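Data first, discussion second: the structure below is written as structure tokens.
The values are calculated or read from the model by the stated rules, or taken from the named source; none is laboratory data. Computed from a predicted model, the values in this text were never measured in an experiment. A quick note on method: Cβ atoms are made from the backbone with ideal geometry, for glycine too, and the neighbour counts reach across all protein chains shown. With ligands, DNA and RNA removed, areas are computed over all heavy atoms of the protein, side chains included. Shrake-Rupley method; radii C 1.70, N 1.55, O 1.52, S 1.80 Å.
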Amino acid sequence: MQRINYIPLSERVVAVSTAATSIFKQHCPQVILRGLYILTSATRMACAGLLLGYISTADKDFQAVLLDALPNLIGHTLATYVTASAILALGSAVGSFGSAGGASKVFGTAVGMTSGALTSACACDIYGDTNGIRFPTALRNAIIALGGLVAGASAFTAYGIRPINR
């Protein structure tokens, strides 16, 4: 402890930042790619369902409804991709800094969950304001909880990745 006290704070911050950057670079791209793969699979199924419905129905009014739904589906998907990427990157960053700084996994995961929940709440508000809608409370709470869980899981798994020089 005495040796650490004599190390200037700026040097300690640089050491932790360097270690955290190393962990983040190993962890974050893998986590984001896995998460986006899952979202991409779900999007493909939804688009396929819309196109099958369009092809299989002879009702012109229903075909028009399906065609109108496609741009909305794409818009929702893009918004979800951006939000999910931000949440996964944020959780990875929290876990990377926690691991490099020696914070406990429980505390780091809790911080990650909180960050993800706040990011999800902000995304709901931005998306709702942009599109002139208000999410029902139950749906908004479910989105916030899911964002917290995703970021918390990302933060927790970042603790298992160690930089090469450690």
- Spacing of the two label points (7 Å from each Cα toward its C-beta) at residue 122 and residue 36, in nm: 2.0 nm
- Given 25 °C, 0.890 mPa s and a Kirkwood radius over Cα pairs, the Stokes-Einstein diffusion coefficient of the chain in µm²/s is 136 µm²/s
- Query: Using Cα atoms only, what is the angle between the long axis of helix 105-131 and the major principal axis of the chain, expressed in degrees (0 to 90) to the nearest 10?
  - Reply: 40 degrees
- Message: With angles folded into 0 to 90 degrees, how steeply does helix 9-56 sit against the dominant principal axis of the chain? Use alpha carbons for both and round to 10.
- Response: 10 degrees
- If you take the charge dipole of the chain about its Cα centre, with +1 on Lys and Arg Cβ and -1 on Asp and Glu Cβ, which of 49, 107, 91 is farthest toward its positive end? 107
- For the chain, what does -39500 (n - 2.57) per DSSP helix run (n ≥ 4), summed and divided by total residues, give at 222 nm, in deg cm²/dmol to the nearest 500? -31000 deg cm²/dmol
- Convex hull around the C-alpha positions of region 48-102: the volume in Å³ per residue is 58 Å³
- Message: I'd like to compare 38-46, 111-119: which one has the highest average count of other Cβ atoms within 10 Å, and what's the full order after that?
- Response: 111-119, 38-46
- Item | Carbon and sulfur %, accessible surface of the chain computed with the full protein complex present, 1.4 Å | 70 percent
- Only Lys, Arg, Asp and Glu count, each charged at its Cβ (+1, +1, -1, -1), so figure out the dipole size of the chain about its Cα centre, rounded to 20 debye. 780 debye
- Query: For helix 137-158, what angle does its Cα long axis make with the longest principal axis of the chain, in degrees from 0 to 90 and rounded to 10?
  - Reply: 40 degrees
- Message: Can you give me the accessible area per residue for the chain, using a 1.4 Å probe, in Å²?
- Response: 63 Å²
